Amino acid sequence: GEYAMTKPSRVMVIDNNAEHRETLCILLSHAGVSADAFERATDALAVLERDQEFDLIMSDVAMPEMDGIEFSRQSRRLCPDIPIVLMTGRDSRMEAALEEGTVPLIKPYTVEALNAVLAEYLDVRLKD
């Protein structure tokens, strides 16, 4: 009905570093965003094959097995409309990220940088 609450934004987070992953999920929860976290890009892709109700994908670039660049290529095939933010600490991978049409977020990122991404794609920001 007209009183339905708007659903919180859903973000897919992929990072093989548990600390980074948990920190980002905590930050997202402060912004009122629901985060689904994955350690491996292959697991995240398997979920995307059956569930594409995500508003944003945030993936680390440097990961074993499948890196963020390859993951973004594969996920684009499955769901071309979901924006992808690639997080990397190595500027050399930025070119590749940009070529994929993804949004770069350079680590370590500031709250301001994360806020800019959240504001643009989800229309939310971290609570002060």
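Here are a few things to note about the model shown:
- Residue list for segment 6-28, filter: assigned to a helix (DSSP H, G or I) and among the charged types (D, E, K, R): Glu19, Arg21, Glu22
- The number of residues in segment 67-111 being open to solvent by 50 Å² or more (accessible area, probe 1.4 Å) and under 23 Å from Arg50 (Cα atoms) comes to 8.
- Residues of segment 112-126 satisfying the condition of being in a loop (DSSP other than H, G, I, E, B) and either touching a helix residue (DSSP H, G or I) at 6+ places or on another chain (Cβ under 6 Å) or surrounded by 12 or more Cβ atoms within 10 Å (Cβ to Cβ) (or both): Val124, Arg125, Leu126
- Filtering segment 17-36 to residues that are open to solvent by 60 Å² or more (accessible area, probe 1.4 Å) and touching a residue at least 40 places away in the same chain (Cβ under 8 Å) leaves His20, His30.
- Residues of segment 93-128 classified as among the basic types (Lys, Arg) and closer than 24 Å to Cys79 by Cα, total: 1
- Segment 37-66, subset open to solvent by less than 40 Å² (accessible area, probe 1.4 Å), part of a strand (DSSP E or B) and free of Cβ contacts under 8 Å to residues at least 60 places away in the same chain, residue nearest to Thr6 (Cα to Cα): Ile57
- Consider segment 1-22 and keep the residues that are β-branched (Val, Ile, Thr) and at pLDDT 95 or above. The one that is nearest to Asp55 (Cα to Cα) is Val11.
The values are calculated or read from the model by the stated rules, or taken from the named source; none is laboratory data. Computed from a prediction, not measured in an experiment: that's the story for all the values here. For neighbour counting, all protein chains shown are included, and Cβ atoms are generated from backbone atoms with ideal geometry for every residue, glycine included. Heads up: the accessible areas ignore ligands, DNA and RNA and are worked out on the full protein's heavy atoms, side chains in. Shrake-Rupley method; radii C 1.70, N 1.55, O 1.52, S 1.80 Å.
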